[in-house]
Structures are given as structure tokens and as C-alpha cells.
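Peer 1: Please read through the structure below; I'll follow up with questions.
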Amino acid sequence: MNVDADGTLLPALHAPSDSPALAFPDGALTYRELAALASDLGTRIAGRSRVAVWATPTPAAATGITAGLLAGVPVVPVNPRAGERELAHIVANSSPEVVLTAPDVVLPEAIAHLPRIDVDVTARPDPAPIPAEPDAAAPALVVYTSGTTGPPKGAVLSRGAIAADLDALADAWAWTAEDALVHALPIFHVHGLVLGTIGPLRRGGSMRHLGGIDGTRLARAVTDGATLVFGVPTHYHRLAADLETDSAAAQAVGRARLLISGSAALTAVDHAQIEKATGLAVRERYGLTETLILTAARADEEPVVGTVGRPLPGTEVRLAPLPDGDGLGAVEVRGPQLFSGYLDLPDAAEWTDDGWFRTGDIGRWTADGLLALVGRQATDLIKSGGYKIGAGEIENALLEHPAVAEAAVVGVPDEDLGERIVAHVVPEGEPPVPQVLIDHVAALLSPHKRPREIRFADSLPRNAMGKVQKKLLGSD
Ligand code: MLC
Ligand code: AMP
């Protein structure tokens with residue numbers, strides 16, 4: 001099996017032009033520059049079993065990722081804000097042989113012991129020969145994602161999975177080399193990395209990372225030629241508020257070709273506000289780190305609010321009936337874009353006996369064959385700002401603090417973040433200042449995993465088996 005008709009994952013880097021490839025707030029690279037830098041770096045990492053990339057939104061990190069893809073060396077993108085516990089886990093679990101980083105970065109202890117290559121994007125090396133394309137089944141990325149319990153798991157994504165998914169999305173969105181994508185997503189998760197960085201490179205188009213999204217910045221980007229916008233619902237929620245009071249910016253943003261939202265559900269209110277302001281309906285797409293993107297609202301169809309579109313070409317989606325499901329079912333999927341498994345956890349993935357992946361999401365079909373998502377099977381998974389966060393991971397971190405006797409973490413509905421993390425804590429002795437516990441979780445895990453609120457209690461509601469009854473913990 002080839003990755004592509006001509007066997008390459010990133011054809012535009014094999015015959016590079018002077019067209020813009022990737023731009024970040026602190027610098028930009030053309031295809032010719034990126035190809036030279038990444039092929040040269042590729043010769044320095046060739047043959048390694050795995051490399052970590054300190055995944056700041058910078059040309060250096062993007063060059064590191066591209067070098068791994070060109071050299072056939074699997075890349076582990078690392079959240080540069082990962083806390084000490086999370087970082088130590090990722091480094092131990094993925095055992096990278098080297099870390100690629102922008103120069104001048106002071107790496108935390110948990111990763112600083114690795115051999116390091118500073119990626120200097122101001123250098124202008126001669127392009128090096130790009131080695132023969134590895135097999136499509138070869139691993140390209142290891143992306144860490146949270147489960148309900150335990151530390152994050154490394155989802156192994158093959159070159160073929162990435163290529164198949166990006167090509168299916170190109171079909172859904174008529175995504176071509178002419179498209180100029182803008183976003184402000186982290187590049188250590190599937191959304192900003194596979195779709196937002198590798199996506200435009202595979203198409204031969206461009207990507208501009210905006211650093212953050214607000215009405216003014218986005219309006220300027222679209223006026224400068226951006227055609228596609230990717231974001232999580234929190235981005236669109238904030239954008240809706242900005243554009244409501246800035247009609248010139250709203251008009252400018254309305255000249256984009258497509259506004260695309262994903263990683264969590266966009267509310268009907270945000271949909272309506274964006275459409276009212278810009279005249280453009282936001283299109284949603286749905287996927288998981290493990291499956292890449294599965295369904296999408298197509299460019300050639302009017303999007304239907306409350307749905308995530310239809311299965312991508314080549315992707316099969318079925319709903320396994322639920323007891324008293326009333327037309328709802330557990331979403332199970334099959335397709336060429338699925339992951340190859342979790343690193344060192346061969347039994348952790350949820351497959352049915354007949355080979356379908358259980359997403360854990362609950363959905364229903366509309367009469368027109370569109371998928372609508374209505375919830376998740378696991379209450380211990382929280383989606384906040386589009387990040388997936390396991391309640392158990394946060395509870396364990398809280399329990400490590402001497403002032404915490406018991407902890408139960410829940411996600412409560414939040415207009416801005418979709419869900420916000422609330423920790424119910426039984427203190428050991430005098431309750432500490434809440435910020436102390438919030439900072440403790442941010443430092444140990446990641447800032448986005450920190451509780452936004454701590455609620456102290458004398459005890460947690462437990463059933464006869466001693467299990468915390470989270471449904472009784474209230475949601476506001
Ligand atoms: C705050 N900060 C702290 C802190 N409190 N740092 C250390 N300790 C503390 N106690 C810092 C943060 O690091 C950050 O720094 C700033 O304060 C604000 O942080 P935040 O409150 O977390 O940011 P927020 O505004 O809430 O972020 C919103 C957001 C973000 C939308 C920008 O949630 C985001 O980027 N989401 C994208 C998630 C994503 O890509 N998911 C895709 C998963 S893949 P600073 O310097 O930044 O201000 C997937 C598959 C699919 O789901 O379908 O796509
Ligand atoms: P992650 O593990 O971070 O890749 O998150 C995957 C999860 O994000 C899915 O299982 C869904 O619950 C959720 N998700 C992704 N896209 C959407 C969407 N458009 N609408 C609702 N939920 C989504």
C-alpha cells in the first residue's frame with residue numbers, strides 16, 4: 001500500500017516552490033526554505049527510533065515535525081506546558097532518542113536529559129536528499145491523549161492514516177493548494193497538528209498560525225487572503241462576541257471560504273451568532289485523536305446545526321443500539337485513518353469483536369444521513385476548551401497534595417469552555433487556599449487540566465460500594 005498515488009506523504013516538499021508554507025507569529029517559511037531545513041535536519045535524525053519535538057507554535061517546531069515526517073522517524077509532539085508528572089510520563093513512555101527544539105528554550109528537567117538538537121530556522125542549508133518513502137503502515141506520530149483513568153496514552157498514527165484522512169477532508173471541503181488556512185491551535189494535538197499543520201503541507205497550500213484568535217486578527221488575516229479557518233468551539237464563542245460589536249471585522253471574516261469547528265460541540269447559539277454576524281454558517285467535523293476525523297459537514301452542502309456532517313469517503317460509522325436508546329447508539333467506526341494502537345498498551349484500545357473502534361460517543365442519524373452527537377458514555381471524560389481531560393488523572397494529582405483527603409472531579413457546563421473542571425475536595429485538616437490546589441495540578445499535569453473551581457466538602461456522596469456518586473455532585 002502506498003501513502004499516495006505517487007507514494008509520498010508530503011509531495012510539495014519533494015519539489016518545493018517559493019510559495020508560502022507555514023507562518024507563525026515569530027516567522028514564516030516558504031516551501032523551499034522548509035524543504036531545505038527539514039531535509040537537512042532529517043539527515044541528522046535519520047535512523048532514530050523516535051524523536052520528541054518541543055511543540056511551541058513556531059517555525060522551529062514545525063520544521064522538527066516536518067523533518068521527522070521526511071526522514072521517516074516517528075515524532076512525539078510534546079506540549080511545552082506539560083507539567084513535571086505528565087512530561088516525565090510522556091518521555092518515559094515514548095523513549096525518544098533526541099528532542100528537537102527552538103534554540104534558547106530552557107527545557108524542564110524531565111526532558112532536559114535527552115540529547116537535544118536546536119532547530120535554527122535562520123540557517124539556509126542546502127537541501128539534502130529525501131530518503132525513500134516508508135511504508136504507509138509506518139508510524140508517523142505518537143500523540144498523547146487522556147483516558148478516564150491513568151496517565152495519557154500515546155496514540156500511534158501511521159503515515160497512511162494521516163494521508164487517508166487528509167485526502168478525505170480535501171474531498172469534503174474542496175481543500176486545495178489554493179487554500180490559505182489560519183488557526184490558533186496548539187500543534188501537539190491532532191486538530192492543530194494533523195489538520196492544521198500537516199494538512200496544508202500535504203495539499204501544497206499555506207497555513208498561518210495567528211497565536212490567538214480575536215475578531216480583529218482574524219479579519220486582517222482573511223483580508224490578507226485566508227480562505228479556511230479552523231478552531232475549537234471556544235474560539236468561535238469568543239469570536240462571536242467580538243464580531244457582534246465590530247461589523248467591519250464581521251464582514252471581513254465573512255469573506256472566508258469556510259469556517260470549520262471541531263474537537264467539541266459548537267452550541268446553536270454560537271452557530272447563530274457567527275452566521276448572523278458574518279453571513280457564513282460554521283461547519284462542524286468530528287473525530288478523535290485515535291481515529292482522526294470521521295465525519296464532516298461538506299463544503300458543497302448547507303451545514304445543519306446540531307450535526308457533525310456525514311462520514312468521510314472511505315469511513316464507516318455505525319450506531320450500536322443502547323438499552324432504552326430510543327434511536328440513539330454508541331458510535332463505532334472503521335476506516336483507513338484509524339490509529340495503530342496505543343504505545344506499549346496493546347490491550348487498551350476499545351475494539352469490537354468484529355473490528356470496529358468504539359469511540360465512546362453517543363449519536364443518532366438524521367433523516368438525511370447526517371450524524372448528530374448527543375453525549376459521551378464515560379462521565380469521567382471532560383472536554384474543556386476542546387482538550388480532552390480525564391477526571392481520574394486530576395483526582396490523582398489532587399490526592400498527592402498533603403491538604404487533600406478525598407477528591408472527585410467533574411465537568412460542568414460552561415458557555416466559554418464547553419465544560420469547566422470543578423474539583424470537589426475533602427480537605428485534610430484546614431482547607432488550603434483554592435489557588436494552591438489549582439497551581440498544584442497545573443504544575444504536575446498541564447495548565448489546561450487545572451480545576452477552574454475548588455469546592456470544599458466534609459464528605460463526598462458515595463454508594464454502598466464506596467464509589468463516589470458524581471451525578472449527585474451538582475452541575476452549577
Ligand atoms: C493559567 N495559566 C497557568 C495557570 N493558570 N499556567 C500555570 N499555572 C496556572 N495555574 C496560563 C495558561 O498556560 C495560559 O497562558 C493562560 O494562563 C490562559 O490559560 P487557559 O485559561 O487555559 O487558556 P484559555 O483561554 O482557557 O484557553 C482557551 C483555548 C484553549 C481555546 C485557547 O483551550 C485551546 O487552545 N484549546 C485547543 C485544544 C485543542 O487543540 N484540542 C484538540 C484536541 S484533538 P498563555 O501564555 O497562553 O496566556 C481532538 C480531535 C478533534 O479533539 O476532533 O479535533
Ligand atoms: P480527543 O481525544 O481530544 O481527540 O477528543 C475526541 C472527542 O472529542 C470525541 O470523542 C468527541 O467526544 C469530541 N468531539 C470532537 N469533535 C466534536 C464535535 N464536532 N462535536 C462534538 N464533540 C466532538
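Peer 1: Pick out, from 410, 394, 131, the residue whose Cα sits farthest towards the positive end of the charge dipole of the chain, with +1 on the Cβ of Lys and Arg and -1 on the Cβ of Asp and Glu.
Peer 2: Result: 131, furthest along the dipole toward the positive end.
Peer 1: Quick one: how many Å² of residue 49 are accessible to a 1.4 Å probe, rounded to 10?
Peer 2: The value for residue 49 is about 70 Å².
Peer 1: Sticking with this one: When the dipole is taken about the Cα centre of the range 381-472, and only Lys, Arg (+1) and Asp, Glu (-1) are charged at their Cβ, what size is it in debye, to the nearest 20?
Peer 2: With Lys and Arg at +1 and Asp and Glu at -1, about 380 debye.
Peer 1: Collect residues whose amide H, placed 1.01 Å from N in the peptide plane, falls under 5 Å from the amide H of residue 95; neighbours closer than 5 in sequence don't count.
Peer 2: Answer set, sorted by chain and number: none.
Peer 1: Another one. Label residue 32 and residue 245 with points 7 Å out from Cα along Cα→Cβ: what is the distance between them in nm?
Peer 2: The answer from the label model is 4.6 nm.
Peer 1: To continue, here is another question. Share of the chain's accessible area from carbon and sulfur, percent, 1.4 Å?
Peer 2: On the chain, the fraction of accessible area on carbon and sulfur atoms equals 51 percent.
Peer 1: A further question follows. Note down the net charge around residue 37, summing +1 for each Lys or Arg and -1 for each Asp or Glu among other residues with Cβ under 13 Å from its Cβ.
Peer 2: Local charge sum for residue 37: -2.
Peer 1: Would you work out which of 278, 307, 25 lies farthest towards the positive end of the dipole of the chain? Charges go on Cβ: Lys and Arg +1, Asp and Glu -1.
Peer 2: 25
Peer 1: So, one more: Using a 7 Å offset from the Cα along the Cα-to-Cβ direction at both residue 104 and residue 349, what is the distance between the two label points in nm, to one decimal?
Peer 2: Simple spin-label model gives 4.2 nm for this pair.
Peer 1: May I pose another question? So, for the range 11-203, what is the accessible surface per residue at a probe of 1.4 Å, expressed in square angstrom? Let's see the in-between values first.
Peer 2: On the way: 6460 Å² over 193 residues.
Here the residues of the range 11-203 average 33 Å² of exposed surface.
Peer 1: Related question: Simple spin-label model, 7 Å along Cα-to-Cβ: residue 464 to residue 177 in nm?
Peer 2: 6.9
Peer 1: ³J(HN,Hα) across the range 45-62 via Karplus (A = 6.51, B = -1.76, C = 1.60, θ = phi - 60°), whole Hz, x for Gly/Pro?
Peer 2: 10, 3, x, 5, 6, 6, 10, 8, 10, 6, 8, 6, x, 9, x, 5, 5, 5
Peer 1: Then there is this: Which residue, chosen from 157, 425, 184, occupies the Cα position most advanced towards the positive end of the dipole of the chain, where the dipole is computed from +1 (Lys, Arg) and -1 (Asp, Glu) charges on Cβ about the Cα centre?
Peer 2: Ranked along the dipole, the leading option is 184.
Peer 1: Let me ask you something else. Figure the gain on full extension for residue 455 and residue 400 (residue separation times 0.36 nm, minus the Cα-Cα span) and round it to one decimal in nm.
Peer 2: Separation in residues times 0.36 nm, less the Cα-Cα distance, equals 18.1 nm.
Peer 1: Something else about it: Whole Å is fine, so just give me how far the alpha carbon centre of the range 440-476 lies from that of the range 221-262.
Peer 2: Between the Cα centre of the range 440-476 and that of the range 221-262, the gap is 35 Å.
Peer 1: Could you list, in their original order, any pairs among 153/449; 276/449; 276/388 whose Cα atoms are separated by more than 25 Å?
Peer 2: Too far apart for the 25 Å limit: 276/449; 276/388.
Peer 1: Note down the magnitude of the dipole of the chain about its Cα centre, charges +1 on Lys and Arg C-beta and -1 on Asp and Glu C-beta and zero elsewhere, to the nearest 20 debye.
Peer 2: Roughly 140 debye for the chain.
Peer 1: Sticking with this one: Roughly how many Å² is the accessible area per residue of the range 381-472, as a whole number, for a 1.4 Å probe?
Peer 2: Per-residue accessible area for the range 381-472 comes out at 45 Å².
Peer 1: Would you work out if the range 381-472 is rounded, prolate or oblate? Take a ≥ b ≥ c from the square roots of the eigenvalues of the alpha-carbon gyration tensor; rounded if a/c is under 1.5, else prolate when a/b is larger than b/c, oblate otherwise.
Peer 2: oblate
Peer 1: Could you please report the charge total around residue 93, scoring K, R as +1 and D, E as -1 over all other residues with beta-carbon less than 10 angstrom from its beta-carbon?
Peer 2: Taking every Cβ under 10 Å from that of residue 93, the sum is 0.
Peer 1: Next question, about the same structure. Suppose every Lys and Arg Cβ carries +1 and every Asp and Glu Cβ carries -1, with no other charges. What dipole size does the range 59-191 come out with about its Cα centre, to the nearest 20 debye?
Peer 2: Details: 6 positive and 15 negative charges, 82 e Å.
So the magnitude is around 400 debye.
Peer 1: Let me ask you something else. Residue 158 accessible area, nearest 10 Å², 1.4 Å probe?
Peer 2: Near enough 10 Å² of accessible area.
Peer 1: List the lysines whose Cα lies under 17 Å from the Cα of residue 470, skipping any in the same chain that are fewer than 8 positions away.
Peer 2: 383
Peer 1: Report ³J(HN,Hα) in whole Hz for each residue of the range 442-455, in order, from the Karplus equation J = 6.51 cos²θ - 1.76 cosθ + 1.60 where θ = phi - 60°; Gly and Pro get x.
Peer 2: Listing the rounded values in order: 4, 6, 7, 9, 7, x, 6, 8, 6, x, 8, 8, 10, 10 Hz.
Peer 1: Compute the length gained on full extension between residue 299 and residue 426: take 0.36 nm times their separation in residues and subtract their Cα-Cα distance, giving the result in nm to one decimal.
Peer 2: 40.7 nm
Peer 1: I'd like to compare 67-75, 253-261: which one has the highest average count of other Cβ atoms within 10 Å, and what's the full order after that?
Peer 2: Most protected by this proxy first, the peptides run 67-75, 253-261.
The values are calculated or read from the model by the stated rules, or taken from the named source; none is laboratory data. Keep in mind it's a predicted model, so treat the numbers as computed, not measured. For neighbour counting, all protein chains shown are included, and Cβ atoms are generated from backbone atoms with ideal geometry for every residue, glycine included. What goes into the accessible areas is simple: the full protein's heavy atoms, side chains included, and nothing from ligands, DNA or RNA. Shrake-Rupley method; radii C 1.70, N 1.55, O 1.52, S 1.80 Å.
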